[in-house]
Amino acid sequence: MTRFNKVLTAVENVLAAGTLGAAVFIAALAIVLRAVSGVFLFWSEEAVIYLIIFSTFLGAVITLRESEHVNVDIIPVFLGRRGKKYMAILASLITIAYLGGIGFFAWRLIFEPFSFSTITPALKLPLWAVELAVPIGFTLMFYRAVEILVRTIRYGAAETTVEEALEMEAAALGLEVQDLNVVDDENDGKAKP
């Protein structure tokens with residue numbers, strides 16, 4: 001991993017966790033202050049919403065970077081190694097086109113006059129400061145999608161064995177592979193207890 005990627009990964013992780021952590025802290029503080037002293041932080045709800053929006057878009061970058069996004073791999077199952085590579089390249093190109101298009105319009109939105117003239121009700125922030133999460137998130141996702149495309153072209157699509165697929169499915173369910181009901185050929189295709 002290059003130095004730039006290490007720094008970018010650290011920044012993405014810190015910002016995503018930091019914004020979510022700040023949202024939780026502000027929400028908890030507002031609840032405690034209201035319960036204990038009757039003080040109401042009128043700006044807390046708006047701040048929590050904006051911080052969660054930032055956390056969501058930065059978290060989407062991390063999800064794409066780690067290939068943890070939701071996908072349905074039906075067609076590649078029936079393809080060989082070369083076919084899987086071409087499907088992964090096609091998927092990356094479609095992702096890049098989508099992220100590039102939406103990212104372009106997100107940046108344009110930031111520079112619209114209403115983004116500078118509109119002020120948020122409680123925090124009195126210009127709207128562009130709140131909207132900034134969208135173009136930053138899409139730009140970082142675009143960069144990560146290009147990175148995935150280059151990696152796929154160089155090294156091919158990630159191959160997943162049946163054992164790895166079972167491990168991932170078990171982990172998603174919070175189980176061990178041994179806990180899954182495995183079909184046993186000796187019992188006429190019936191599941192083992």
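In this structure, is residue 99 modelled with pLDDT of 95 or more, surrounded by fewer than 16 Cβ atoms within 10 Å (Cβ to Cβ), in contact with a helix residue (DSSP H, G or I) (Cβ under 8 Å, 6 or more places away or on another chain) and closer than 26 Å to residue 60 by Cα? First the steps, then the outcome.
On the way: modelled with pLDDT of 95 or more: yes; surrounded by fewer than 16 Cβ atoms within 10 Å (Cβ to Cβ): no; in contact with a helix residue (DSSP H, G or I) (Cβ under 8 Å, 6 or more places away or on another chain): yes; closer than 26 Å to residue 60 by Cα: yes.
Here the answer is no, as residue 99 does not meet what is asked.
So which of 111, 116 ends up being in contact with a strand residue (DSSP E or B) (Cβ under 7 Å, 6 or more places away or on another chain) and over 30 Å from residue 158 (Cα atoms)?
Numbers: 111 fails: in contact with a strand residue (DSSP E or B) (Cβ under 7 Å, 6 or more places away or on another chain).
Being in contact with a strand residue (DSSP E or B) (Cβ under 7 Å, 6 or more places away or on another chain) and over 30 Å from residue 158 (Cα atoms) holds for just one of 111, 116, which is 116.
Would you confirm whether any residue within region 61-71 is of a type in the set (Ser, Thr, Tyr) and open to solvent by 30 Å² or more (accessible area, probe 1.4 Å)? Yes, that holds for at least one residue.
Those helices (runs of 4 or more DSSP H) of region 99-182 in which at least 2 residues are farther than 25 Å from residue 16 by Cα and more than 21 Å from the chain's Cα centre (by Cα), considering only elements entirely within it, cover 113-117, 133-155, 162-173.
Considering each residue of region 102-119 in turn, none proves to be surrounded by 12 or more Cβ atoms within 10 Å (Cβ to Cβ) and in contact (Cβ under 8 Å) with a residue 40 or more places away in the chain.
The values are calculated or read from the model by the stated rules, or taken from the named source; none is laboratory data. Keep in mind the model is a prediction, meaning the values are calculated, not measured. No Cβ is skipped: glycine too gets one built from the backbone with ideal geometry, and neighbour counts run over all protein chains shown. Ligands, DNA and RNA are stripped out before the accessible areas are found, and what is left, the full protein with its side chains, is counted by its heavy atoms. Shrake-Rupley method; radii C 1.70, N 1.55, O 1.52, S 1.80 Å.
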